[in-house]
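Bear in mind these aren't lab numbers, they're just calculated from the coordinates by the rules spelled out. Small disclaimer: the values here were computed from a predicted structure and weren't measured. Here Cβ is always computed from backbone atoms with ideal geometry, including for glycine, and neighbour counts include all displayed protein chains.
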Amino acid sequence: MAITRRNLLLGAAWMGLLGASPLRAGETARLSGRAYGTTWSIRIVGTGPAPATLDGIGAILAEIDEEMSPFRPDSALSGFNAAPAGWHASGPGLLAVTGEALRIATLTGGAFDPSVGPSVGRYGFGPITGERTGTYRGLSIRPGAIGKTEAGLSLDLCGIAKGHALDRVGRHLKASGHSDFLIEIGGELLASGSGPEGRPWRLGIEHPETGALYARLAATDIALATSGDRINRYDLAGRRYTHIIDPLTDAPVANSVASVSVLHPSAMTADALATGLMVMGAERGLALAEAEALPVLFLLHGGETLDARASTAFAAYL
């Protein structure tokens with residue numbers, strides 16, 4: 001069965017902590033829990049995780065929450081947002097994610113912008129309040145610190161932090177001796193090695209309007225991130241409002257894109273790119289994907305059917 005966001009989340013409701021014992025052929029250890037207001041799940045092939053490995057997973061997820069949650073007034077991110085203009089000391093995790101967010105912001109011409117938090121909050125999708133006073137260009141990093149040019153500039157890493165968490169947990173599992181696993185956090189996926197049948201993991205992309213399986217991908221050592229307008233939205237006065245904000249208009253995205261799926265070795269990069277490409281739209285987004293050799297699939301609203309547009313690099317995974 002291909003693994004999609006929906007069936008993986010439902011299948012993760014059972015938590016099997018099998019200990020550090022060998023598994024029979026075709027078996028996987030299954031772990032699950034909650035973090036960042038959503039669910040996470042892990043499938044490990046070969047040997048069940050040791051208690052120290054489990055403790056490490058929990059510690060990683062908690063550390064990222066303490067660093068990057070805009071919902072926590074005591075997080076490092078909230079402290080930065082409340083601080084005046086200037087340079088502010090930062091831990092390595094927050095610094096690395098901010099640096100990648102700014103890189104993707106530059107790559108997408110501002111379609112992905114970590115300063116968009118106040119606009120997200122204004123439409124009811126996030127906790128950051130106040131007026132947006134600038135763009136990503138007012139944010140910068142240097143060793144050990146993050147800077148902002150205006151006191152009102154805020155940092156919102158919700159479009160990239162889950163991907164960072166996937167990467168961190170994946171590195172932890174590999175350091176603990178596991179090479180074959182699949183991690184999911186809130187619908188984002190990171191696949192490593194082989195599935196329980198000894199073949200590449202089979203990942204599914206959902207139909208963005210019905211939630212049914214749309215496409216199957218054979219993938220290994222890759223992350224899959226999808227942004228779309230089916231979940232986390234509301235309709236008001238005949239208009240659809242999604243949680244994805246166009247930083248150039250400070251309003252929810254209003255284009256024909258139903259979803260964008262991105263494959264990348266870094267889940268953090270895939271996460272941010274999916275958001276940025278959703279904002280850019282199919283024409284500009286595919287041009288960027290071709291220029292950067294990115295495996296990307298756009299699904300566009302088209303009346304009774306979806307219009308699928310894939311980059312050249314995406315075809316290798318079908």
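Hull volume per residue, based on the alpha-carbon atoms of segment 252-311 and their convex hull, is 70 Å³.
In the calculated pair-distance distribution of segment 158-265, the portion above 20 angstrom amounts to 48 percent of the Cα-Cα pairs.
Here Ala59 and Arg216 are evaluated by their C-beta separation; at R0 = 30 Å the FRET efficiency comes out at 0.30.
Identify the GluC sites (Glu not before Pro) of segment 128-203 meeting these criteria: DSSP loop state and at most 11 other C-beta atoms within 10 Å of the C-beta. Working shown, then result.
Numbers: sites: Glu131, Glu150, Glu184, Glu188, Glu197; in loops: Glu131, Glu150, Glu197.
Sparse-neighbourhood loop GluC sites (Glu not before Pro): Glu131, Glu197.
The mean of 1/r over all pairs of different alpha-carbon atoms in segment 112-177, once inverted, gives a Kirkwood hydrodynamic radius of 13.6 Å. Restricting the GluC sites (Glu not before Pro) of segment 245-316 to loop positions (DSSP other than H, G, I, E, B) with no more than 13 neighbouring Cβ atoms within 10 Å leaves Glu304. Tell me which of Ala83, Val120, Ala96 sits at the most positive position along the dipole axis of the chain, charges placed on C-beta atoms (Lys, Arg +1; Asp, Glu -1). Result: Ala96.
Size descriptors for the chain (Cα atoms only): Rg and Dmax, in that order, 19.3, 58 Å.
Multiplying the sequence separation of Glu131 and His88 by 0.36 nm and subtracting their Cα-Cα distance, what value in nm do you get?
13.4 nm
When shorter helices are ignored and each DSSP H run of at least 4 residues is given -39500 (n - 2.57), the per-residue value for the chain at 222 nm works out to -9000 deg cm²/dmol. When only the Cβ of Lys, Arg, Asp and Glu is charged (+1, +1, -1, -1), the dipole of the chain relative to its Cα centre reaches about 320 debye.
Here r is the Cβ-Cβ distance between Ala145 and Asn255 and R0 is 41 Å; the resulting FRET efficiency, rounded to 0.05, is 0.65.
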